[in-house]
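Scroll down for the structure; my scribbles are underneath it.
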Amino acid sequence: MKHEHDVQRQPRRDRLIREHVHDPYKTRLKLPEPTVCTQCGAVFHEGRWRWGPRPSPAHEELCQACHRINDHYPAGELTITGDFALRHKDEILHLARHQEEQEKADHPLHRIMGVDEQDGAVVVRTTDIHLPRRIGEALHHAYHGDLHFRYEEEAYFIRVSWTRER
Ligand SMILES: [Zn+2]
């Protein structure tokens with residue numbers, strides 16, 4: 001069963017992501033604290049972005065998620081295909097949004113930046129490399145089907161595909 005093999009490989013890939021890769025959208029400079037994103041209002045404080053009241057005074061800068069959204073430059077893509085998947089598209093997108101809400105509560109920069117339908121597929125694009133896998137795993141858990149991941153280390157980009165025909 002190919003998808004099970006792929007899923008089992010993931011912990012090793014996670015380690016590779018952490019060890020070798022740097023998000024090109026992440027600023028190389030250390031952000032002053034606190035910093036507020038001028039677009040989404042996320043606050044950079046104690047070394048990480050979080051949601052919270054706007055501190056005053058605060059340095060202002062665009063967070064990398066908003067930067068990617070403005071550039072239409074996703075870090076991840078989840079492609080959903082198959083007759084079953086397309087027939088249950090509304091439920092599936094609801095599940096995807098629910099996963100996003102949960103992820104985004106703790107990780108403000110992990111977001112869905114767009115959902116498109118093209119050539120019999122639904123494509124969910126994200127601002128980060130974690131959310132496509134989280135949604136794919138939730139789909140696999142809820143509806144089975146086939147799940148695949150491919151992380152493109154050089155490009156800091158993850159492609160996830162989930163399909164179920166019947
Ligand atoms: Zn932002």
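Taking the Cα centre of the chain as origin and assigning +1 to Lys and Arg Cβ atoms and -1 to Asp and Glu Cβ atoms, the resulting dipole is close to 340 debye. Judged by the mean number of other Cβ atoms found within 10 Å, the most tightly packed of the peptides 71-83, 32-44 leads the ranking 71-83, 32-44. Placing +1 on the Cβ of every Lys and Arg and -1 on the Cβ of every Asp and Glu, with no other charges, gives segment 88-166 a dipole of roughly 120 debye about its Cα centre. The calculated FRET efficiency for the pair Lys26 and Lys89, based on their C-beta separation and a Förster distance of 30 Å, comes to about 0.35.
Its DSSP H runs of at least 4 residues, each contributing -39,500 (n - 2.57), put the calculated 222 nm mean residue ellipticity of the chain at -12000 deg cm²/dmol, to the nearest 500. Annotation: the antiparallel percentage among DSSP beta bridges lying fully within the chain is about 70.
Spatial offset of segment 30-53 relative to segment 89-165 amounts to 25 Å, using the alpha carbon center of each.
Does segment 73-120 come out rounded, prolate or oblate, given a ≥ b ≥ c as the square roots of the eigenvalues of its C-alpha gyration tensor, rounded meaning a/c under 1.5 and, failing that, prolate meaning a/b above b/c? It is oblate, given that a/c is not under 1.5 and a/b is not larger than b/c. Rounded to the nearest angstrom and listed largest first, the equivalent-ellipsoid semi-axes of the chain from its Cα gyration tensor are 31, 18, 13.
Coordinate-derived values only; no laboratory data. Keep in mind that what you see is a predicted model, and the values were worked out from it rather than measured. Please note: Cβ atoms are built from the backbone with ideal geometry, for glycine as well, and neighbour counts cover all protein chains shown.
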